[in-house]
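What follows is a set of notes on a single structure, which appears directly below.
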Amino acid sequence: MIQAPSRQLLRQLAVRFGLIGESPAMVQALARLLQVAPTDLSVLITGETGTGKEVFAHAVHDLSTRKKFPFVSVNCGAIPETLLESELFGAEKGAFTGSVEQRKGFFETAHRGTIFLDEIGEMPIGTQVKLLRILESGEYSRLGSSDVLKVDIRLVAATNRDLAYEVRQGNFRQDLFFRLNSVNIHLPPLRQHPEDLPLLIEHFAHRVAEKQKIEYEGIDNRATEILTSMPWPGNVRELRNLVETMVTLEQGARITEEMVLRYLPAPSQNELLGSPTTALVRVPDVQRPSIDADIQMLYRTLLQLSADVAEVKTVLRHLLNMSVDMQQPTGSVITPVPATAPGQQIPVNAVPDDLELASIERKAIETALRRTQGNRRESADLLGISERTLYRKIDEYGLQ
């Protein structure tokens with residue numbers, strides 16, 4: 001059984017790493033952190049986006065015997081699949097187009113230290129095989145080389161995906177999952193431990209006030225109630241951004257109900273408040289509708305619908321072209337088709353495209369970017385797609 005850390009130790013973690021929380025769920029996560037950090041075991045940190053997974057990863061490293069050596073952070077979802085392997089393991093000169101010199105990979109850079117693989121659920125299966133090898137034996141080879149190299153690293157991985165589900169779907173190797181999941185630190189979403197919110201507000205407010213060299217005057221009870229009643233789909237990251245914005249722009253003035261309502265995005269106000277004086281009632285977490293989940297579901301449905309429509313249009317064009325060449329039996333009644341010469345192909349625009357799926361997809365991406373204030377990583381999580389796919393779609397539609 002894991003022993004809960006004392007209040008004094010919790011305060012030390014808050015000051016040193018910014019790990020804030022006295023709720024049972026957070027205390028359990030912090031206790032597991034303190035238990036596993038001094039060891040050399042691999043760690044898997046799970047939780048929704050914005051819950052502080054990278055902060056925990058830094059703490060694991062800084063509380064370990066490897067703290068004097070490098071901490072290397074890699075976002076697996078932000079690196080194109082074609083480059084991820086060379087970025088992780090390095091590449092020899094001429095290994096691929098544009099490789100003009102030998103270069104080290106992230107694992108080699110992290111030698112004797114810790115490597116943090118964020119969004120590990122985005123890693124391709126082929127790269128997972130090499131990752132498992134390096135975890136088992138410390139051996140790897142640079143891209144374009146047969147030489148076997150050795151490295152001494154500690155792995156901390158993080159994901160907001162359900163890796164057990166990904167294993168069942170064939171997207172993640174079962175043996176790698178078992179290796180990573182031996183030590184799991186789960187970070188709860190902010191809506192599941194709202195009692196920690198006042199502590200987080202004070203921490204973020206004092207930190208930004210100190211950075212801006214201004215005096216923070218505190219927060220009203222009513223303002224705290226409003227913030228505590230929010231669903232926080234962006235979790236701690238979203239709360240931090242809001243608090244830092246209010247404290248900075250208001251020059252540390254006391255946070256009031258009016259100030260909170262002024263800085264809250266309109267959708268949040270509409271969801272929580274009928275008017276500024278409406279009493280707040282906390283809705284149980286399981287009953288609260290999730291706007292973000294709806295966006296993700298609609299976008300995935302859109303992608304599937306787009307694929308289905310494309311397939312139907314291809315078949316329809318084929319049938320129309322066949323109908324032109326077919327001889328019409330005497331006395332038969334055939335519905336007229338667009339006039340063409342025998343054997344001539346029906347033009348593509350003869351098949352209607354009234355659904356305008358590309359326009360709907362573009363609007364979904366614009367909505368996600370707007371809700372996350374342009375944060376592409378959070379937008380990809382919101383849409384339920386990889387960051388690579390989002391970057392490609394942004395380029396495709398000319399979005400900024």
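Quick notes on this one:
- Rg over Rh [alpha-carbon atoms, Kirkwood Rh] for region 127-214: 1.19
- Here ASP147 and LYS93 are evaluated by their C-beta separation; at R0 = 22 Å the FRET efficiency comes out at 0.95.
- Percent of C-alpha pairs per 5 Å bin in region 2-104, short distances first: 2, 10, 18, 18, 15, 11, 9, 8, 5, 3, 2, 0.
- GluC sites (Glu not before Pro) within region 53-160, DSSP loop, no more than 15 other Cβ atoms inside 10 Å: GLU101
- Loop trypsin sites (Lys or Arg not before Pro), region 28-103 (other Cβ atoms within 10 Å of the site Cβ: 10 or fewer; DSSP): LYS68
- Region 196-244 shape via C-alpha gyration tensor axes, a/c threshold 1.5: oblate
- Residue order, fewest to most beta carbons within 10 Å, for MET259, MET123: MET259, MET123
- Once you reduce region 186-264 and region 3-19 to the center of their Cα atoms, the two points are 20 Å from each other.
- Sum of side-chain charges, ASP162 neighbourhood, beta-carbon under 14 Å (Lys, Arg +1; Asp, Glu -1): -3
- Local electrostatic count at GLU108 - Lys and Arg +1, Asp and Glu -1, tallied over other residues with Cβ under 12 Å: +3
- Summing +1 for each Lys or Arg and -1 for each Asp or Glu among the other residues whose beta-carbon sits under 14 angstrom from that of GLY121 gives -3.
- Here, P(r) means the percent of Cα pairs in each 10 Å bin from 0 to the largest distance; for region 170-252 it is 16, 38, 21, 14, 10, 1.
- Sequence of TYR216, TYR263, TYR140 once ranked by neighbouring C-beta atoms within 10 Å, starting from the fewest: TYR263, TYR140, TYR216
- Pairs of alpha carbons in region 62-196 whose separation is greater than 19 Å (percent): 54
- Taking the number of Cβ atoms within 10 Å of each Cβ as an exposure proxy, the fewest-first ranking of SER137, SER146, SER86, SER23 is SER146, SER137, SER23, SER86.
Read-outs throughout are calculated quantities, based only on the coordinates presented, and are distinct from any laboratory measurement. Quantities reported herein were computed from a predicted structural model and do not represent experimental measurements. Glycine also receives a Cβ, built like all others from the backbone with ideal geometry; neighbour counts cover every protein chain displayed.
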